[in-house]
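The structure appears below as structure tokens.
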Amino acid sequence: MRALLVFCFMLAAAGWQVSAQQQRSGVDDAARGRSLAILICANCHVVARDEPNKPILQQPTPSFASIARRNTLDPVWLKTFLTSTHRGADNPKGMPNPELLDSHASQIIAYLMSLRSAAVGLPTWDVTPSCRGAANAGYVAKSSDQLKNCIDREQRTRQQLEGAWSTFPILDRNECIQSIKWFEPTYSELATCLEMRTQVKSTPELGTPQPK
């Protein structure tokens, strides 16, 4: 019986590891797709709020954020959109053909889908299991108070995140959510992830000359 339980645990752990690797791969594809889209598509589209240059068209085409909000959006529709809406004799106002490799198209699609996922907004999580685990690790006599304090603290953190949610880059929101959502996530962990990403971006790289 014990050997069976150990085997089941190992099987479940392997499943969690594969799931985490798949999620990490999806996030990496979205990040690469964002970089590609800024390089290839940003002359006509607003790809990201922090892209280095504005579109050169006087009347820019739909932004990636607005495309991500379309009801018809799914990977199949995007694949068709990227490969069949190009300018030609039968479609003089169509999009120029970016001549994407299949892998590049898949990465740009992953980025657009990440925008759709992040556009849903701040997730709603039940923090009780995580707070109960933290409370049970303390003194038994104080565990109920610790549980209540933890839940109250998490709700305050959620309210703070709600107020600042739109200030965080969409890709940062999505990557932080994907990185913690599989193991009793908390709003404190989400806030910490977003703060760390913000700090990393604001920290000068080594060797970069600093203004005097």
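Using a 10 Å cut-off around each Cβ, can you sort LEU171, LEU100 from fewest to most neighbouring Cβ atoms?
Details: LEU171 20, LEU100 17.
Listed from fewest to most nearby Cβ atoms, that is LEU100, LEU171.
Counting other beta carbons within 10 Å of each residue's own, what order do THR124, THR186 fall into, fewest first?
Working: THR124 6, THR186 20.
The most exposed by this proxy come first: THR124, THR186.
Please rank MET95, MET113, MET196, fewest neighbouring Cβ atoms within 10 Å first, as an exposure proxy.
Numbers: MET95 16, MET113 20, MET196 12.
Listed from fewest to most nearby Cβ atoms, that is MET196, MET95, MET113.
Sequence neighbours fewer than 8 away in the same chain don't count; with that in mind, list the aspartates and glutamates whose C-alpha is under 18 Å from LYS79.
LYS79 reaches ASP29, GLU99, ASP102.
Which net charge results when you count Lys and Arg as +1 and Asp and Glu as -1 among the other residues whose beta-carbon is under 13 Å from that of SER66?
On the way: positive: ARG49, ARG69, ARG70, ARG116; negative: none.
Net charge around SER66: +4.
Any chance you could run the full-extension gain for ASP126 through LYS79? It's 0.36 nm times the residue separation minus the Cα-Cα distance, nm to one decimal.
On the way: separation 47, 0.36 × 47 = 16.92 nm, distance 3.57 nm.
Stretched fully, the ASP126-LYS79 segment lengthens by 13.3 nm.
What nm value, rounded to one decimal, do you get for the distance between VAL200 and SER103 when each label is placed 7 Å out toward the C-beta?
2.2
Read the figures in this text as sums done on the coordinates, not as results from a lab. Everything quoted here is computed from the prediction, not taken from an experiment. Cβ: placed from backbone, ideal geometry, glycine included. Neighbour counts: every protein chain shown.
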